[in-house]
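The values are calculated or read from the model by the stated rules, or taken from the named source; none is laboratory data. Remember, it's a predicted structure, so these values are computed and weren't measured experimentally. Positions of Cβ are backbone-derived with ideal geometry, glycine not excepted, and every protein chain shown enters the neighbour counts.
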């Protein structure tokens with residue numbers, strides 16, 4: 001099965017640090033490292049959503065499913081840097097611990113370090129660098145505000161993770177779902193309100209055609225129990241990847 | 001109970017007052033006092049059992065001397081058991097090693113450095129046979145301190161009895177088996193919370209039907225207190241845990257009187273002498289009231305809060321360790337004045353490791369001296385009626401009740417645990433206590449007052465010898481496990497595990513299937529994994545911040561911060577769950593501008609190294625409290641070399657003996673290493689120096 005070697009692992013790790021520590025020379029660093037826009041670079045997926053909605057748990061559940069397909073994954077998990085101390089407690093990786101020893105998985109925690117939009121400094125460069133070491137890059141934003149959707153500009157597939165709360169129309173107005181290729185509603189089993197929310201989201205958000213010709217997909221998932229993950233990956237992420245490839 | 005109020009000599013005392021009253025007022029006044037006494041205090045052996053569960057207490061039966069023991073292989077612990085019985089111990093209590101407590105086999109990578117370290121290693125029924133070889137388990141009561149996989153060990157014990165032809169109904173003893181306090185405090189868990197509780201109820205149900213003399217659960221406040229709770233929190237969470245088990249057993253369809261008389265409690269006895277006495281009295285009253293008024297149980301034996309007490313481990317000091325003997329004696333006295341049914345006295349050297357035989361003997365003698373020489377056993381609840389003790393008892397009960405109500409408002413203990421409410425409260429109190437020690441508000445002789453610069457760490461030679469003897473345990477136990485596995489029928493094992501999985505997914509009681517599975521000599525690890533395949537696993541998925549204010553953090557850091565965002569991975573060695581230290585550090589380092597990465601509990605050194613590489617950290621802070629530090633740090637270095645990242649600074653600390661510290665610092669080049677009493681500001685300073693020396697970052701005024 002495809003793996004990321006020890007040497008690659010050390011190299012990518014240091015490269016990411018280099019990019020984060022001197023974001024202004026990121027392009028130069030990538031050039032020197034020979035990282036350009038290779039045609040076979042990995043598919044970059046971004047997941048955004050408010051704090052506590054279940055992004056890390058969702059990614060944790062996606063990892064074994066992707067790995068079963070032999071896909072090597074780099075996870076970039078962004079957490080907020082305190083604007084008072086400039087320090088950060090980066091704890092997203094705890095949720096992904098079942099994949100700690102997987103040779104095909106690389107998990108990197110990043111502080112926002114003053115970058116806007118719940119992203120981190122040099123994110124485009126870090127994502128490009130990561131994309132040359134694996135098949136899929138999963139970027140998790142810090143707990144985003146309602147309109148922190150800037151990440152969609154840097155990724156191939158943009159996933160918005162939602163809790164089934166409130167009504168879908170208000171949600172549409174908030175702009176959170178506007179650029180989303182995939183909407184993942186993190187439901188709790190057996191709650192009828194959840195089911196109703198998903199139905200509404202399917203009707204109101206599903207099937208909108210985005211710029212790249214992709215029709216937005218809505219998936220109901222249960223991140224805690226790992227339900228609904230396979231359709232999200234196969235019919236969502238991987239099929240979006242294939243659609244983009246065919247288009248190019 | 002007398003109808004008059006003669007019980008405290010009050011009638012005579014109040015005579016002048018009573019004389020002023022007319023007949024009716026006099027009657028209603030004496031009635032009021034009498035009812036107040038009955039409701040609030042009661043005679044010994046009477047509801048609400050404030051003064052003890054038996055009318056005669058220690059005049060009828062002295063507390064059982066039940067010393068917790070275990071180390072090495074089952075055969076080593078068997079020898080220790082025989083010593084205890086020879087010294088006059090009246091019950092046995094088994095300590096298992098950490099891998100065993102976590103349901104892991106001795107040969108798993110995560111078990112490395114911990115096999116036989118702080119308890120007996122038990123992998124299969126064969127080890128259980130060794131553990132109780134030549135010990136009459138039909139006659140003596142045996143306690144097994146194990147929680148997450150308790151049902152598996154209970155199944156082993158029952159299988160052992162069956163093999164020896166002893167009927168299960170003759171077996172007396174206790175499994176600690178209190179899973180809720182594991183999620184709350186001790187962190188030795190296996191399954192998700194609801195499944196953990198279900199397994200406890202399975203054992204309650206099975207014992208009620210088959211082993212009526214067995215105490216399936218010992219509802220424990222000890223670990224809650226040792227994790228940093230105060231007396232009120234200890235009381236509240238313990239009683240709330242007990243009430244949760246009762247309600248779940250009732251949901252299962254059991255009659256309360258079938259199982260409640262076999263519930264027992266386990267409390268800590270800490271330093272605050274009168275508060276600890278009052279705590280045990282308040283516990284009895286709270287439990288009796290909850291059982292009678294909450295669950296409507298009239299059976300007296302179902303209302304009893306039977307107490308096992310252990311002196312406080314965290315109150316002991318590494319400095320001048322012989323002083324611990326005095327601390328233990330006072331705590332033992334408090335336990336007896338509080339009316340405990342059985343007592344474990346700690347050995348003075350427990351701060352370093354499981355006790356040496358010499359220290360164990362002193363601990364037992366301490367109990368024997370209090371029991372036999374002080375003559376306090378001649379009086380029943382000698383402090384009853386003391387204004388001080390009664391009023392502390394009232395206060396503790398009232399405050400604990402408030403906390404129990406908070407738990408109920410959160411939706412009961414399972415929901416509370418999942419929202420980390422008790423975990424956070426305990427953590428906050430622990431941090432508060434630590435500050436009191438650092439500021440000197442809480443006095444510890446030889447540590448923050450009456451310090452003696454010449455004081456040595458005590459004579460640790462015996463201990464060093466004992467520790468040296470442990471180095472071989474792991475290899476011996478792994479060989480033992482392999483030989484057991486070679487002899488068993490793999491076909492039987494597979495069949496046993498298959499049917500266990502089937503029963504587990506059906507939701508039925510798993511005890512009979514567990515007994516069948518252990519009888520095939522399936523290992524604890526195999527059985528735990530089979531159940532986890534069906535039920536899932538539990539992991540604490542968040543860092544619980546101690547919530548220090550920025551001012552408190554600044555007091556420690558003196559306003560210093562790192563010159564750049566230093567990246568630091570904080571990790572634990574092995575299966576140990578002592579996280580308080582690293583969580584405080586996480587907050588502290590973050591406030592200094594570091595990016596702190598936490599990998600979670602129960603990571604192998606392979607996992608820690610891989611995480612450190614991916615995160616490209618500047619330093620790893622590895623904390624170890626249980627197991628061999630040289631094994632942990634050594635393995636971590638080796639793993640980092642595989643990625644050519646042995647340049648990463650390895651620091652950390654925990655319980656590290658002087659000899660090991662020398663090896664680590666001088667031979668492996670690990671450090672700085674911090675021992676448990678190191679003040680936080682010193683950690684910050686020395687860590688800053690180490691990072692500066694490696695030219696990673698400097699401490700600057702910020």
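For this structure, a couple of remarks:
- In region B:562-583, the count of residues that are within 10 Å of chain A (Cβ to nearest Cβ), buried (at least 22 other Cβ atoms within 10 Å of the Cβ), within 21 Å of residue B:687 (Cα to Cα) and out of contact with any helix residue (DSSP H, G or I) (no Cβ under 9 Å at 6 or more places or on another chain) is zero.
- Being within 14 Å of chain A (Cβ to nearest Cβ), surrounded by fewer than 24 Cβ atoms within 10 Å (Cβ to Cβ) and not in a strand (DSSP E or B) is a property that residue B:616 has.
- Selected residue (criterion: farthest from residue A:96 (Cα to Cα)) from residues of region B:626-639 that are in contact with a strand residue (DSSP E or B) (Cβ under 8 Å, 6 or more places away or on another chain) and either buried (at least 24 other Cβ atoms within 10 Å of the Cβ) or within 14 Å of another protein chain (Cβ to nearest Cβ) (or both): B:629
- Within region A:5-96, strands (runs of 3 or more DSSP E) holding 3 or more residues that are touching a strand residue (DSSP E or B) at 6+ places or on another chain (Cβ under 9 Å) and more than 9 Å from chain B (Cβ to nearest Cβ): A:43-48, A:73-79
- Pick from region A:104-120, criterion more than 9 Å from chain B (Cβ to nearest Cβ) and out of contact with any helix residue (DSSP H, G or I) (no Cβ under 8 Å at 6 or more places or on another chain), ranking: nearest to residue B:607 (Cα to Cα): A:112
- Only a single item in (1) free of Cβ contacts under 8 Å to residues at least 40 places away in the same chain; (2) away from every other protein chain (no Cβ under 14 Å) is not met by residue B:609, and it is number (2).
- Members of region B:74-95 that are in contact with a strand residue (DSSP E or B) (Cβ under 6 Å, 6 or more places away or on another chain) and either surrounded by 24 or more Cβ atoms within 10 Å (Cβ to Cβ) or part of a helix (DSSP H, G or I) (or both): B:74, B:77, B:80, B:81, B:84, B:92, B:93, B:94
Residue-wise test of (1) under 30 Å from residue A:92 (Cβ atoms); (2) surrounded by fewer than 18 Cβ atoms within 10 Å (Cβ to Cβ); (3) free of Cβ contacts under 8 Å to residues at least 40 places away in the same chain.
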{"residue": "B:499", "(1), (2), (3)": "no, yes, yes"}
{"residue": "B:503", "(1), (2), (3)": "no, no, yes"}
{"residue": "B:509", "(1), (2), (3)": "no, no, no"}
{"residue": "B:513", "(1), (2), (3)": "no, no, yes"}
{"residue": "B:518", "(1), (2), (3)": "no, no, no"}
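- Sole residue being over 30 Å from residue B:260 (Cβ atoms), in a helix (DSSP H, G or I) and under 22 Å from the mean Cα position of the chain (by Cα), chosen from B:335, B:359, B:283: B:359
- Lone unmet requirement of (1) at negative phi; (2) buried (at least 17 other Cβ atoms within 10 Å of the Cβ) for residue B:600: (1)
- Exactly one residue out of B:604, B:550, B:545, B:623 is in contact with a strand residue (DSSP E or B) (Cβ under 8 Å, 6 or more places away or on another chain) and within 12 Å of chain A (Cβ to nearest Cβ), and it is B:545.
Listed here are the residues, each with its yes/no results for (1) surrounded by fewer than 24 Cβ atoms within 10 Å (Cβ to Cβ); (2) more than 29 Å from residue B:205 (Cβ to Cβ); (3) modelled with pLDDT under 95.
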| residue | (1), (2), (3) |
| --- | --- |
| B:266 | no, no, no |
| B:272 | yes, yes, no |
| B:275 | yes, yes, no |
| B:281 | no, yes, no |
| B:284 | no, no, no |
| B:289 | yes, no, no |
| B:299 | yes, no, no |
| B:307 | no, no, no |
